[in-house]
1. Of the conditions (1) modelled with pLDDT under 95; (2) loosely packed, with under 15 Cβ neighbours inside 10 Å, Phe164 clears all except one; give me its number.
2. Hey, can you tell me all the residues within segment 111-126 that are of a type outside the set (Ser, Thr, Tyr) and crowded, with 17+ Cβ neighbours inside 10 Å?
3. Is it fair to say Tyr132 is modelled with pLDDT of 95 or more and either under 10 Å from the mean Cα position of the chain (by Cα) or part of a loop (DSSP other than H, G, I, E, B) (or both)?
4. I'd like the residue in segment 63-96 that is of a type in the set (A, V, I, L, M) and under 26 Å from Ile139 (Cα atoms) and, out of all such residues, is farthest from the chain's Cα centre (by Cα).
5. Of the residues that make up segment 90-99, is at least one buried (at least 18 other Cβ atoms within 10 Å of the Cβ), among the small types (Gly, Ala, Ser) and in a helix (DSSP H, G or I)?
6. How many of the residues in segment 56-84 are surrounded by fewer than 15 Cβ atoms within 10 Å (Cβ to Cβ) and either at pLDDT 95 or above or in a strand (DSSP E or B) (or both)?
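The values are calculated or read from the model by the stated rules, or taken from the named source; none is laboratory data. What you see is a predicted model; the values in this text were computed from it and never measured. Quick reminder, even Gly has a Cβ in these numbers, built from the backbone with ideal geometry, and neighbours come from all protein chains shown.
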Amino acid sequence: MTFVVNTKTKMSHTIEKCNAFALRITNYSNTSQIVNFFSDKFGNVDVIAKGSRSSKSKYQGLLQPLSNYEIVFYKKENTLSLLKEISLNESSLDLFDSLEKSAVAYAGAEIYLQLMFEENDFEKFYNLLQQYLSYLRKIDKNYVLIFWRFFLRVTTYLGFSLKFDKCISCKTDKPEKIYGISFSQNGFVCKDCIKKNNLTNNFKCSQTSINILLSLKNISEKINSIEISKSTLKEINAIFKTYLSYHLHKKIHLRSLEIL
Ligand SMILES: [Zn+2]
């Protein structure tokens, strides 16, 4: 797709090219769109795609959330960049053939839209999102388990990985002794240690949630045999949302998962 750009005013801006996922697409004016991309080279790239919705544009409808593109844009600081050219690398259409898969795929984008990335991390977060979406394409059940695993990898990359193998304090690994998650200690804490150490910022977990969290490490083998009730799903989503909010010191939302 090529956009008409007034080159006279754009001389001072650099032209950049990269691969990027469209995280969010918002209609703007009568014919344009604003696209929040996440790219391998620049992290978040927010652009205006002038005329992309125009009936005259032969690329009308090309922009779809979570599709992967090669983009060329005029990079601007502190304001929207200008999309110049775009070509599709991989369509996201197959991610939207089931409600759960769509919700879970969007949740990945939703997380990225709320994070701040450091320059050194752009490529690894880009690869993580790519791996996540391609894993969703391979399965046909329990997509949310893959989202949770993706979420744990995101927290690891951000430097506060959650550990679920044993109580972070006394190291007991008996699931029935686990109370829940300590946000300040980044992992499971047992009932005894809660009392003994007077730990705060804990999230009490049901036994079912504890068992699912314990199984996330080797989820590939068990993905089809796990049954997740609606209440467990809500509980684990709440745990992760609260955990991320606690560490990032801001309210994180996961609205796409609310329909599940
Ligand atoms: Zn303990």
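1. (2)
2. Ile111, Leu115, Phe117, Phe122, Phe125
3. Criteria met by Tyr132.
4. Residue satisfying both the conditions and the ranking: Leu88.
5. No: segment 90-99 contains no residue that is buried (at least 18 other Cβ atoms within 10 Å of the Cβ), among the small types (Gly, Ala, Ser) and in a helix (DSSP H, G or I).
6. 2
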